[in-house]
1. For residue 68, which of the numbered conditions (1) surrounded by 14 or more Cβ atoms within 10 Å (Cβ to Cβ); (2) in the same structural domain as residue 231 (by TED's automatic domain parsing); (3) closer than 27 Å to residue 191 by Cα; (4) not β-branched (Val, Ile, Thr) fails to hold?
2. For residues that are farther than 17 Å from residue 275 by Cα and buried (at least 23 other Cβ atoms within 10 Å of the Cβ), tally how many sit in the stretch 366-376.
3. So residue 272 clears everything in (1) over 30 Å from residue 335 (Cα atoms); (2) in contact with a Phe, Trp or Tyr (Cβ under 9 Å, 6 or more places away or on another chain); (3) in the same structural domain as residue 72 (by TED's automatic domain parsing); (4) surrounded by fewer than 20 Cβ atoms within 10 Å (Cβ to Cβ) except one condition, right? Which one?
4. Collect the residues in the stretch 22-48 that are over 15 Å from residue 239 (Cα atoms) and part of a helix (DSSP H, G or I), keeping them in residue-number order.
5. So, residue 237, is that one on the phi > 0 side of the Ramachandran plot, surrounded by 13 or more Cβ atoms within 10 Å (Cβ to Cβ), under 28 Å from the mean Cα position of the chain (by Cα) and modelled with pLDDT of 90 or more or not?
6. So, of the residues in the stretch 461-506 that are touching a strand residue (DSSP E or B) at 6+ places or on another chain (Cβ under 7 Å) and of a type in the set (Ser, Thr, Tyr), which turns out to be farthest from residue 444 (Cα to Cα)?
7. Take the conditions in contact (Cβ under 8 Å) with a residue 60 or more places away in the chain, at negative phi and aliphatic (A, V, I, L, M) and apply them to residue 398. Does it pass?
8. Look at the stretch 153-166 and say how many of its residues are in a loop (DSSP other than H, G, I, E, B), out of contact with any strand residue (DSSP E or B) (no Cβ under 6 Å at 6 or more places or on another chain) and either surrounded by 13 or more Cβ atoms within 10 Å (Cβ to Cβ) or of a type outside the set (Val, Ile, Thr) (or both).
Amino acid sequence: MSKPAQPAANTTEGTLAEIVSHAKEYGFVFPSSEIYDGLAAVYDYGPNGVELKNNLKQLWWKAMTQLNQNVVGIDAAIFMHPTTWKASGHVDGFSDPMIDNLDSKKRYRADVLLEERAAEYEKNGELARAETLLAEMGRLLTAEDLAGVKQLIIDEKILCPISKTGNWTDVRQFNLMFSTQMGAVAEGSNEIYLRPETAQGIFVNFLNVQKSARQKVPFGIAQIGKAFRNEIVARQFIFRMREFEQMEMQFFVRPGTEEEWYQHWKAARRRWHEVMGLPADKLRFHDHEKLAHYAKAAVDIEYEFPFGFKEIEGIHSRSDFDLTQHQQFSRKKQNYFDNDINPETGKPYGNYVPYVVETSVGADRLFLATLCQAYQEETIVEGEGEEQKTKTRKLLRLHPAVAPVKAAIFPLVKKDGLPEKANEIYNQLRFDFRVVVEEKDSIGTRYTRQDLIGTPFCIAVDHQTLEDNTVTIRHRDSREQTRMPISELRSYIGEAVSLSRIFEQL
């Protein structure tokens with residue numbers, strides 16, 4: 001028997017400050033080394049955060065490697081031969097334009113200052129002005145005209161938010177790679193780098209994977225892993241960090257088909273984010289104004305965070321640059337022999353270096369977008385008649401498949417055999433789902449606590465449970481309560497958290 005809840009009204013989303021506070025208080029994200037006053041732009045994931053992040057990564061991994069016969073995975077090492085980064089262009093060209101304010105002594109990314117000014121124009125409805133500014137910035141950066149970038153900042157009257165002055169240094173490039181030494185002693189060691197991206201581990205293993213997995217072009221290689229960048233400006237919580245996690249897939253295609261596959265993955269990846277719960281009206285494509293010299297096309301999928309639209313995933317048509325560079329620097333052939341018949345010649349396509357279409361998601365950015373979207377405050381009405389009262393409820397409306405805890409089991413009291421019955425139910429469910437038993441505080445307080453971490457179901461064990469083996473299951477979003485047999489719990493929760501229900505929509 002169901003007990004419907006009063007409909008909620010006046011639902012609001014949280015500010016970034018509220019979300020950061022919530023993330024710390026409820027075990028999602030902590031500042032790293034906090035007892036030593038922290039380390040700038042480095043964070044630790046707490047008990048609920050690591051579960052949410054792992055669930056998001058699992059959904060991405062399965063969507064890539066399980067739903068696509070022609071996508072397989074690897075896990076490449078963080079340390080790579082230093083020539084890798086010379087070949088990829090990172091040693092000579094992996095840098096951001098930085099500018100310092102002489103009064104505040106603060107350092108900024110010049111392109112970010114200009115992008116934020118363009119965002120202000122866009123917010124004020126001056127779309128043409130924003131587009132013109134971004135186009136001019138892109139032109140100057142492409143031409144490596146750093147003096148022009150500084151002049152554009154001055155022309156836009158952009159001031160340091162700390163000193164409120166425009167007393168800027170010249171713009172100069174700042175390499176983002178962390179270097180370290182490999183060897184027993186520094187004098188005899190080699191300089192190597194912490195990888196700034198995970199893609200190169202895929203490229204150098206292209207033939208290893210292709211041959212061992214018996215794949216034929218087109219096919220993809222997926223990887224989830226840590227990357228490291230010495231960001232000039234690392235801010236906005238976990239959006240921009242110096243240690244972060246990427247979920248990348250490099251898709252190798254026959255030259256001439258790259259545009260078709262670029263459009264395919266562009267649409268497929270946006271659809272994935274929508275199915276995962278990010279609404280279509282809070283997502284948008286943003287084409288790159290400045291393309292890398294090897295790129296044929298590049299687009300970002302942006303999500304509207306509390307601080308504006310920002311990138312969560314990039315899709316790039318990379319041509320054959322990566323494999324060709326590694327072929328040149330390693331002197332090892334990276335050719336693929338294509339047996340398929342070319343209809344124009346009637347002969348096999350033969351040997352070629354494949355082109356690449358890349359999809360790259362920031363796991364931490366996806367985590368933050370998911371948290372921002374889920375965090376809500378709503379006004380609800382409780383009770384009836386003269387006892388009716390209005391209150392504000394905070395909750396995380398996480399999809400059951402990614403929620404850190406799938407169900408919490410509450411014995412109504414700590415006696416009469418109810419705790420033992422609750423633990424019996426826990427033991428029946430724990431092999432299939434992450435569930436917890438909560439005994440402390442009133443049942444209303446326990447409901448609130450689980451709402452705040454996004455638990456979709458709460459199971460109340462009462463004296464009737466001892467008589468007929470039924471429990472009351474309460475739904476987080478609607479607060480509706482349903483009585484059901486204990487024997488149905490596994491299938492009921494399983495249906496709600498099923499990945500197949502998500503994947504059927506892709």
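1. Evaluating residue 68 over (1) surrounded by 14 or more Cβ atoms within 10 Å (Cβ to Cβ); (2) in the same structural domain as residue 231 (by TED's automatic domain parsing); (3) closer than 27 Å to residue 191 by Cα; (4) not β-branched (Val, Ile, Thr) leaves (3) as the failure.
2. First, the residues of the stretch 366-376 that are farther than 17 Å from residue 275 by Cα: 375-376.
From the residues that got through so far, the ones that are buried (at least 23 other Cβ atoms within 10 Å of the Cβ) too are 375.
The number of residues fulfilling the criteria is 1.
3. That leaves (4) as the condition not met.
4. 22, 24, 25, 34, 35, 36, 47, 48
5. Details: on the phi > 0 side of the Ramachandran plot: yes; surrounded by 13 or more Cβ atoms within 10 Å (Cβ to Cβ): yes; under 28 Å from the mean Cα position of the chain (by Cα): yes; modelled with pLDDT of 90 or more: yes.
Taking the combined requirement at face value, the residue satisfies it.
6. 492
7. On the way: in contact (Cβ under 8 Å) with a residue 60 or more places away in the chain: yes; at negative phi: yes; aliphatic (A, V, I, L, M): yes.
When the stated conditions are applied, residue 398 passes them.
8. Here is the first cut: in the stretch 153-166, the ones in a loop (DSSP other than H, G, I, E, B) are 156-166.
If we keep only those that are out of contact with any strand residue (DSSP E or B) (no Cβ under 6 Å at 6 or more places or on another chain) as well, we get 156-159, 161-162, 164-166.
Applying the additional criterion that residues be either surrounded by 13 or more Cβ atoms within 10 Å (Cβ to Cβ) or of a type outside the set (Val, Ile, Thr) (or both) yields 156-159, 161, 164, 166.
Residues that pass the stated criteria total 7.
The values are calculated or read from the model by the stated rules, or taken from the named source; none is laboratory data. Small disclaimer: the values here were computed from a predicted structure and weren't measured. Cβ coordinates were reconstructed from backbone atoms using ideal geometry, including for glycine residues, and neighbour counts include every protein chain displayed.
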